[in-house]
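For reference, the structure is listed below as structure tokens.
The values are calculated or read from the model by the stated rules, or taken from the named source; none is laboratory data. Values in this document were obtained by computation on a predicted structure and should not be read as measured data. With ideal geometry, Cβ positions are generated from the backbone for all residues, glycine too; neighbour counts draw on all protein chains shown. In case anyone asks, the SASA skips ligands and DNA or RNA and just uses the protein heavy atoms, side chains included. Shrake-Rupley method; radii C 1.70, N 1.55, O 1.52, S 1.80 Å.
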Amino acid sequence: MERTNKGELPRRDDAHVRAVTRGESDAVDTERNGSDTLGHSGPVGPNGQGGYGGSGSGAGPDSGAGPGAGAGPGAGTGSGPGGGSGDSTGGAGAPGRAGGPGRFGGPGAFTPADEERRRGVRRMKTIATGALLLMATVFVLAKWAGHAGAGTWTGYVAAAAEAGMVGALADWFAVTALFRHPMGIPIPHTAIIPTKKDQLGQSLGDFVGENFLSGEVVRVRLRAVGIGSRLGAWLAEPAHADRVTAELATALRGALTVLRDSDVQAIVSEAITRRAHAQEIAPGLGAMLEKIVADGGHRRIVDLVCVRAADWLDEHGDSVMDAVAGGAPGWTPKFVDRKVGERVYRELLRFVQEMRDMPDHPARGAVDRFLSDFAGDLKSDPATRARVERLKNEVISRGEVQDLIASAWSAVRAMLVAAAEDERSELRVRARAALLSLGKRMSEDGRLQGKVDGWVEGAAVYLVTTYRDEITSLISETVASWDAEHTSKKIEAHIGRDLQFIRINGTVVGSLAGLVIYTVARLLGG
């Protein structure tokens with residue numbers, strides 16, 4: 001870090017920029033009576049260790065010791081070591097303050113459970129180290145006793161203790177080399193987890209992809225599970241069907257609540273309008289009308305019209321006669337108008353009654369021919385089809401029709417929400433019955449079970465084969481984003497206690513091996 005003149009802000013050089021890109025943060029620039037110095041916090045301290053202390057500010061040029069406060073961003077509670085000075089004016093930094101949660105998106109801050117595991121690791125380290133010290137003490141005492149003439153047994157004890165020390169030291173080195181450089185010495189192939197973290201993450205991703213996310217593995221595993229039969233047996237239970245029905249009702253109600261009515265109404269209206277404009281309806285109407293006429297389906301409508309017309313004329317004869325008389329010229333006598341009205345009414349009533357009572361009435365035949373001709377025109381006459389299309393577009397474009405289409409969603413939504421909330425609604429009752437029926441069929445029908453298993457296997461195989469690279473890259477990229485030292489400490493907290501047993505076992509096994517070797521050597525040497 002270069003020095004600056006009094007009153008000038010320090011210049012950030014390339015080394016500082018690289019430090020910032022590595023996740024290091026600038027310490028507070030200070031200006032005092034002497035030179036200003038700029039420091040930065042050191043590497044992130046895992047488990048709450050502060051970053052190595054930033055540089056201090058000197059009291060004068062080339063002199064003064066200013067403690068640098070290194071604020072460690074690492075998670076946890078411990079205090080990190082103080083650290084480096086910024087330049088010749090800065091003194092040794094004070095111990096870094098415990099930082100907040102880890103910012104690297106790594107394994108996460110240490111939880112109370114992690115702290116308890118770390119205490120367990122420390123206890124086991126103490127026991128393992130105590131075993132090493134015990135072996136050393138026994139070795140020294142055995143050697144002293146041997147020189148004092150205590151007997152040949154001291155050689156056996158010394159050999160066992162010596163081999164135990166060797167085993168303890170070897171296993172200590174092996175366990176320590178996983179997480180850090182033993183005694184801080186950068187021996188090759190040590191601190192494996194911090195230095196090989198990215199490679200381990202890539203290897204883990206490749207291992208998962210090859211052994212867990214292959215199509216054949218997924219298919220065989222799912223086939224062995226028998227999802228179809230298990231799902232059928234589970235759904236056949238009334239309590240389970242009730243639960244699924246309730247969950248589906250809750251999901252439906254939640255989805256309908258989240259959706260905005262205005263958005264859905266606009267989509268529904270636009271979809272219906274676009275489809276209606278795009279689809280020509282005249283040929284379809286003509287085919288439907290032609291079939292109705294051929295099957296005689298229209299005759300019931302004609303019968304109904306004739307019956308209603310005859311009844312109406314029978315009840316409103318005076319009104320008909322008055323209407324006819326009122327339409328006569330003014331110069332005709334009233335009694336003539338009355339006679340004409342009565343004659344028109346009687347003929348009209350007779351015609352309607354005959355048409356009502358005679359299935360083969362000529363008027364009925366005329367209606368049949370008219371409908372048949374109109375059906376043919378709807379199917380093949382361009383002019384008729386064009387008129388129908390214009391009428392259709394005019395009806396759809398009317399504001400009343402658009403409002404009706406838009407309001408249909410509100411009615412459907414209200415109906416669905418009410419049905420979903422009511423446990424005794426027809427919708428939920430039918431859904432429950434359908435689930436029970438489906439569960440029973442699936443539990444008994446082997447062919448249906450095979451279909452369900454095939455669907456599930458196909459979907460699962462498609463997912464794992466299509467997105468296998470994304471899943472494995474998620475693993476490797478996530479591991480690569482973790483802070484190496486913090487990750488190492490996190491892993492050590494989880495498996496370190498078991499690793500300390502290796503040290504203890506190495507001490508015991510080494511002692512036994514040394515004793516056996518010494519005994520065999522003595523026997524062979526006489």
Work out the FRET efficiency for ASP403 and HIS277 from their Cβ-Cβ distance, taking R0 = 30 Å, and round it to the nearest 0.05. 0.95
Excluding same-chain residues fewer than 8 positions from LYS392, which aspartates and glutamates have a Cα within less than 15 Å of its Cα? GLU280, GLU400
How many percent of the accessible area of the range 381-514 is carbon or sulfur, using a 1.4 Å probe? 61
Using Cα centres only, tell me the gap between the range 457-488 and the range 275-333 in whole Å. 73
Carbon and sulfur: what percent of the range 191-268's accessible surface (1.4 Å probe)? 62
Could you please report the charge total around GLY439, scoring K, R as +1 and D, E as -1 over all other residues with beta-carbon less than 13 angstrom from its beta-carbon? +1
Solvent exposure of the range 165-257 as accessible area per residue, Å², 1.4 Å probe: 60
Normalised alpha carbon radius of gyration of the range 422-526 [divisor 2.2 N^0.38 Å]: 2.39
Which value, in Å², gives the accessible area per residue of the range 406-526 when a 1.4 Å probe is used on the protein heavy atoms? 61
Counting alpha carbon pairs within less than 8 Å and at least 6 residues apart, what relative contact order, in whole percent, applies to the range 152-264? 10
Given the peptides 295-302, 124-131, 221-228, arrange them by the average over their residues of other C-beta atoms within 10 Å, most packed first. 124-131, 221-228, 295-302
